[in-house]
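The structure appears right after this line, and notes come after that.
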Amino acid sequence: AAMAARRIARPVVAMTRAAMEVDERTFEPESLDELAAGSGELGTLARVFRKMAIEVQAREEHLEQQVRARTQELQEKNTLLEGARKRVESELEVARSLQAAILPQGMPQHPSYAGRATMVPARELGGDFYDFFPIGENKIGLVIADVSGKGVPAAFFMAISRTTLRVAARDFERPGDGLAAANDQICAQNPHEMFVTVFYGILDVVTGVLTYANGGHNAPALVRAASGAVEVLPRTGGVALGVMAGLPYAEASVTLAPGDTLFLYTDGISEAMDCDGQEFTEARLLTSLDEASRSSVDVVLSKVTDAVSAFVGPAEQSDDITCLVLRYIGPPAAASAAA
């Protein structure tokens, strides 16, 4: 009985051990040669099991080879992607520097006015822009604009819009005519149907009269030097540039007294959001301008941007932040005498 038990148990133990070795991936087909040589049912079972184990091992080795090959491919592609990412980041940084260089770094020195401007893009490249340029001897043009969208497309459209506006300002004396001409030109070369909101004003430094046209942009704020009151310039009902060709742009005017401060901005300030999704609002902006009449243009700009930063806190910047501050000092003769 003992001998019979051993004869029966030995093949079972061998098959069990072989199964464990297959699971542990240490199986050697030769270990079942003696058992597979038998003619009984256990021999048949051993031969079938050995063939199955060899096929399983072959499949596993094939799968491992495929995994190694795919892993190698992924590593190579990841290396290529990392190189491409670094190149894109480098190119975007260069583009950002070039975009910053396009915008005027400081207002031209003049006895009748002083000003500062800033643009902080939400991404590597922004769609906001500002501009100022002399018109003849006694006038200065002021522009602030916000292109629809963000990133690279908005940056390209921003460069086109700025150039178009500069050309229109050179060719037309009135801001409304300038915006109308720029709008027609932008509509003619706008395959992606983007648009740009624009405020364009011309300040006569002799009279202090600011004539302006607004193409769907935020209305600038005017801080009166005499009373410290903060006013919002009336809108002129214009539509953003690039929406439809052939539109007229109405004008309005306001007279600046010596010491008055004009604050132009984009909705990246008024619509800046905190972590709870609450907006900074135009009301908070006007409150931050309460003491603008008693502060330098540098302080006015810093106070507004600091107020926005404090409100937003750790929340991600949701839009480009752009503003321009202009202080009218007075007619050239009076300003020179005061200086």
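The values are calculated or read from the model by the stated rules, or taken from the named source; none is laboratory data. Please read these numbers as outputs of a predicted model, since none were measured by experiment. Cβ sites come from the backbone with ideal geometry, for glycine too, and all protein chains shown count toward neighbours. Ligands, DNA and RNA are stripped out before the accessible areas are found, and what is left, the full protein with its side chains, is counted by its heavy atoms. Shrake-Rupley method; radii C 1.70, N 1.55, O 1.52, S 1.80 Å.
Per the listing ILE186, ILE160, the residue uniquely touching a Phe, Trp or Tyr at 6+ places or on another chain (Cβ under 9 Å) and not in a strand (DSSP E or B) is ILE186.
Within the stretch 302-318, residues that are in a loop (DSSP other than H, G, I, E, B) sit with their Cβ atoms under 7 Å from residues that are not small (Gly, Ala, Ser), at 6+ positions apart or across chains, in these pairs: GLY313/ASP274; GLY313/CYS275; PRO314/CYS275; ALA315/MET273; ALA315/ASP274; ALA315/CYS275; SER318/MET273. The set of residues in the stretch 140-196 that are surrounded by fewer than 18 Cβ atoms within 10 Å (Cβ to Cβ), touching a residue at least 40 places away in the same chain (Cβ under 8 Å) and of a type in the set (Lys, Arg) contains only ARG174.
The numbered conditions (1) surrounded by fewer than 24 Cβ atoms within 10 Å (Cβ to Cβ); (2) within 31 Å of the chain's Cα centre (by Cα) are all true for ILE329 except (2).
The residue that is farthest from the chain's Cα centre (by Cα), among those in the stretch 52-93 that are among the aliphatic types (A, V, I, L, M) and open to solvent by 80 Å² or more (accessible area, probe 1.4 Å), is MET52.
The numbered conditions (1) in contact with an Asp or Glu (Cβ under 7 Å, 6 or more places away or on another chain); (2) farther than 22 Å from ARG162 by Cβ; (3) open to solvent by less than 20 Å² (accessible area, probe 1.4 Å) are all true for GLU279 except (3).
Of the residues making up the stretch 226-248, those that are open to solvent by 50 Å² or more (accessible area, probe 1.4 Å) and of a type outside the set (Gly, Ala, Ser) are GLU231, VAL232, PRO234, ARG235, VAL239, VAL243, MET244, PRO248.
Working only within the stretch 206-215, note down all residues that are in contact with a helix residue (DSSP H, G or I) (Cβ under 8 Å, 6 or more places away or on another chain) and under 20 Å from ASN138 (Cβ atoms).
Here is the first cut: in the stretch 206-215, the residues in contact with a helix residue (DSSP H, G or I) (Cβ under 8 Å, 6 or more places away or on another chain) are 206, 211-213, 215.
Listed by number, the residues that qualify are VAL206, THR211, TYR212, ALA213.
Could you give me the residue pairs with C-beta distances under 9 Å whose first residue belongs to the stretch 12-24 and is among the β-branched types (Val, Ile, Thr), whose second residue is assigned to a helix (DSSP H, G or I) wherever it lies, and which are 6+ apart or on separate chains? Hits for this filter: VAL12/LEU42; VAL22/PHE49; VAL22/MET52; VAL22/ALA53; VAL22/VAL56; VAL22/GLN57. Scanning the stretch 216-225 for residues that are open to solvent by 20 Å² or more (accessible area, probe 1.4 Å), on the phi < 0 side of the Ramachandran plot and either among the polar types (S, T, N, Q) or out of contact with any helix residue (DSSP H, G or I) (no Cβ under 8 Å at 6 or more places or on another chain) (or both) yields one hit, ASN218.
Can you confirm whether VAL230 is touching a Pro at 6+ places or on another chain (Cβ under 7 Å), farther than 20 Å from TYR130 by Cβ and of a type in the set (A, V, I, L, M)?
no
The listed residues are GLY141, GLY106, GLY115, and the only one of them that is in a loop (DSSP other than H, G, I, E, B) and out of contact with any Asp or Glu (no Cβ under 7 Å at 6 or more places or on another chain) turns out to be GLY106.
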